[in-house]
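So the structure is just underneath, and the comments pick up after that.
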Amino acid sequence: MQDIQALGAKVVAVSVDPIDQSKSLADQLQLGFPILQDRNHALGSAFGVFRLPGGMDMGDVDSHSIFVIDASGHVNWKQLAPDTMHVAVDDVVAALKQA
C-alpha cells in the first residue's frame with residue numbers, strides 16, 4: 001500500500017454489495033481503502049467484468065478484477081478475474097510507474 005501511495009495513486013474497491021455491508025467488511029479487515037457500491041453493475045459493465053465466465057454459476061455478478069487507471073481515466077494495466085485474491089503488487093507498481 002505504501003509503494004502505491006508513494007506514486008500518488010489511490011486504492012479503491014468496488015462491490016455490488018450494499019454499502020453498509022462493504023463498510024463493515026472494510027472495517028473488519030482494516031483495509032485502509034474505501035469500497036464503492038456498484039449495485040447496478042455500471043462500473044462492472046464499463047470495465048468488461050460483468051458476467052465474465054467463471055468456475056461457479058453465481059448469476060449476474062462482477063468478476064474479481066484489478067485495474068490500474070491513470071489520472072486521465074485510461075486503463076494502464078488489468079488482471080481480469082484473478083484465480084486468487086492475492087495481487088502481484090510489483091505488477092501494479094510497475095504499471096503505475098509507466099502511467
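Quick one: in region 2-14, of everything that is within 13 Å of the chain's Cα centre (by Cα), in a loop (DSSP other than H, G, I, E, B) and of a type in the set (A, V, I, L, M), which residue is nearest to Val92 (Cα to Cα)?
Only one residue fits best here, namely Val11.
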Going through region 15-25 one residue at a time, which ones are at pLDDT below 85 and not in a loop (DSSP other than H, G, I, E, B)? Ser15
Is one or more of the residues making up region 42-53 more than 16 Å from Gly8 (Cβ to Cβ), modelled with pLDDT under 70, assigned to a loop (DSSP other than H, G, I, E, B) and of a type in the set (Val, Ile, Thr)? no
Answer from Gln37, Gln28, Gln98 - the residue that is closer than 15 Å to Val12 by Cα and either polar (S, T, N, Q) or modelled with pLDDT under 65 (or both): Gln37
Being open to solvent by less than 60 Å² (accessible area, probe 1.4 Å) and outside any strand (DSSP E or B) is the filter here, so list the residues in region 30-40 that pass it. Leu31, Phe33, Asp38
The correct count of residues that are under 29 Å from Gln98 (Cα atoms), open to solvent by 60 Å² or more (accessible area, probe 1.4 Å) and among the polar types (S, T, N, Q) in region 1-29 is 2
Across region 64-95, which residue is modelled with the lowest pLDDT among those that are open to solvent by less than 50 Å² (accessible area, probe 1.4 Å) and in contact with a strand residue (DSSP E or B) (Cβ under 7 Å, 6 or more places away or on another chain)? Pro82
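The values are calculated or read from the model by the stated rules, or taken from the named source; none is laboratory data. The structure presented is a predicted model; accordingly, all values stated were derived computationally and were not measured. Note that we place each Cβ from the backbone using ideal geometry, even for glycine, and neighbour counts take in every protein chain shown. For the accessible areas, the whole protein counts, side chains as well, though only heavy atoms, and no ligand, DNA or RNA atoms are used. Shrake-Rupley method; radii C 1.70, N 1.55, O 1.52, S 1.80 Å.
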